[in-house]
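Quick notes on the structure that follows.
What follows draws every value from the coordinates through simple rules; no lab data is involved. Worth saying up front: this structure is predicted, and the values here are computed from it rather than measured. Please note: Cβ atoms are built from the backbone with ideal geometry, for glycine as well, and neighbour counts cover all protein chains shown.
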Amino acid sequence: MLFIKYILTIVSNMVFIFSISTAQEVPPQELPIIHQMVRDVSADRIENDIRKLVSFGTRHTLSDTKSQTQGIGAARRWIFSEFEKVSASCGGCLDVMYVSDIVTGNRIPEPTEVVSVIAIQRGEHDPNRYVSMSGDIDSRISDPLNGNDKSPGANDNASGMAGVIEAARILSKYKFAGSIIYMGLSGEEQGLYGGRIVAAHALKNKWRIKAVLNNDMIGNITGINGVVNNTSARVFSEGTRYVETEDEARQRRFSGGEVDSPSRNIARFIDRQADKYVPNLDVMMIYRLDRFGRGGHHRPFNAVGIPAVRIMETNEHYDRQHQDIRVENGREFGDVIEGVNFDYTKKLTALNISVLAEMAAAPPFPSNVTLKGAVRASAVINWTKPKGKMAQNLSGYKVYWRLTDSNQWTYSKYIGDVDTYTFNNLVIDNYYFGVSSISKNGAESPVVFPGPMGSFGEY
């Protein structure tokens, strides 16, 4: 009898424990609607857009701005009209505009208006929180000052620009908590001027931009090294934040976080999205701002504290970049349409869409994240919860932890709608910790690392 009573007690306790653990329903890990978005991406539409951009002859920043068929002026007006078409199909859901300024520089000898095209899809709950996808409008050949000769720029960067337009077509069919910005940036080849101008515009208007996905060359699968690969992509991300203050550097020195900037955790987020939503695609997280000694249009955003990464092909072909169209000793040079794989561009566009959709659907990214636990047996993480309408879709939070030498978040736990969590028996010295926000339908933000080194900004 005592044995039976003992067994009944155990069963009763198990039922009680189970009831507690399931009282807080865990949101789903994947969003079926994102799988549908990925399936809806069209390689044919992307190809048509790339061919149209190539048809302008050259899109050099110093090229013709008056012609209706040739030059960067015609190209940017066509992009503007495509965004307007998308907006018309969704009942005016996009605010389409030009953002420009007059600049001069080493590659712009005379004052020139650098004009970018952006389209904003406003969020329902938190419209001043933005995530963005960008591509470049302009192209160049060998001479960076040659604005007259043919410069197709099929891969660099009609591929990225076509991806942005396709993302707008797909995502405009849906509503999100936060806003999405689709950007066609100019002046990249002349000194990243379009990004600088748009970044300044964003700061002036107090846009809370949480992520910029810069897509620059997403169409080539054949490397200069002879490797042909359509199953991987690279994501370049800044480690230590460029805008870090002296005091923040001191904090980082004693607490860590050199590899946990917001940009770096966006890269980790992209890697996870590929695993979940994009078949046969592996993301290489490159722990470097950009390619060795080179730069891209995410850098101006990083420079003012806006988290940004570069998404691009894994294997570059340097004969097809910044080259006059020619044949030398049987070797073909030039960034022509024949060097673009449209199915691959489709795949990387789908990756961007999966990232934008989930981040825009997520609740506000955790803010004011702090960590304590020195000389203790446990670590305690805290954050500030959002209030009001922006928190309308908030379900709760998920905490993450990993060993300090791991490149990806290894362990996680959904903890519900709270603002603190204790990692019992995890020594703070041996692990890195973070927290993400989860919506009621399961959409999740990137992981936020504690302290200023990992902050995505305030609400």
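Here are some notes:
- Fewest-first sequence of V228, V54 by Cβ atoms within 10 Å of each Cβ: V228, V54
- Highest mean packing comes first when the peptides 415-426, 274-285 are listed by Cβ atoms within 10 Å, giving 274-285, 415-426.
- Other residues with beta-carbon under 12 Å from the beta-carbon of T422 carry, at +1 per Lys or Arg and -1 per Asp or Glu, a net charge of +3.
- In plain terms, if you count all Cα to Cα distances in region 310-392 and split them into 10 Å steps from zero, the share in each step is 12, 23, 19, 17, 15, 10, 4 percent.
- Helix 342-361 and the long axis of the chain differ in direction by around 50°, with both axes built from C-alpha atoms.
- Its residue count N sets the reference 2.2 N^0.38 Å, and the alpha-carbon radius of gyration of region 127-193 equals 1.35 times that reference.
- Region 367-439 - percent relative contact order, Cα under 8 Å, separation 6 or more: 40 percent
- Rounded tilt (10° steps) of 43-54 against the dominant C-alpha axis of the chain: 40 degrees
- Cβ-derived FRET efficiency at R0 30 Å, H201 paired with N48, nearest 0.05: 0.50
- Region 218-275: Rg to Rh, with Rh as the Kirkwood radius over Cα pairs: 1.17
- Between K440 and N329, the FRET efficiency from the beta-carbon distance, with R0 = 56 Å, is close to 0.35.
- Estimated [θ] at 222 nm from DSSP helical runs (n ≥ 4, -39500 (n - 2.57)) normalised by residues in the chain, nearest 500: -9500 deg cm²/dmol
- Highest mean first, the peptides 233-241, 296-304, 314-322 sorted by other C-beta atoms within 10 Å per residue fall in the order 296-304, 233-241, 314-322.
- Computed from the C-alpha gyration tensor, the three semi-axes of the ellipsoid equivalent to region 31-117 are 30, 16, 13 Å, from longest to shortest.
- All aspartates and glutamates inside 19 Å of K150 as judged from Cα atoms, apart from same-chain residues fewer than 8 positions distant: D49, D64, D136, D138, E188, E189, D319, D324, E328, E332, D335, E338
- Proxy reagent accessibility, fewest Cβ within 10 Å first, across L171, L213: L171, L213
- Here K210 is the anchor, and the lysines within straight C-alpha reach of less than 24 Å, apart from those fewer than 8 places off in the same chain, are K173, K175, K276, K347, K385, K387, K389, K398, K413, K440.
- Working from Cα pairs under 8 Å separated by at least six residues, relative contact order for the chain is 17 percent.
- For region 133-179, the relative contact order comes to 42 percent (Cα pairs under 8 Å, sequence separation of at least 6).
- Each of N430 and S81 was given a label point 7 Å from its Cα along the Cα-to-Cβ line. The distance between the two points is 6.4 nm.
- Three-way shape label, region 32-361, alpha-carbon gyration tensor, a/c 1.5: rounded
- Using distinct alpha-carbon pairs, which all enter the 1/r mean, Kirkwood radius of region 367-439 in Å: 12.9 Å
- Every pair of different Cα atoms in region 304-459 enters the Kirkwood calculation, which places the hydrodynamic radius at 18.7 Å.
- Modelled label reach - Y287, point 7 Å along Cα→Cβ, region 260-280 residues with backbone N closer than 16 Å: 260-269
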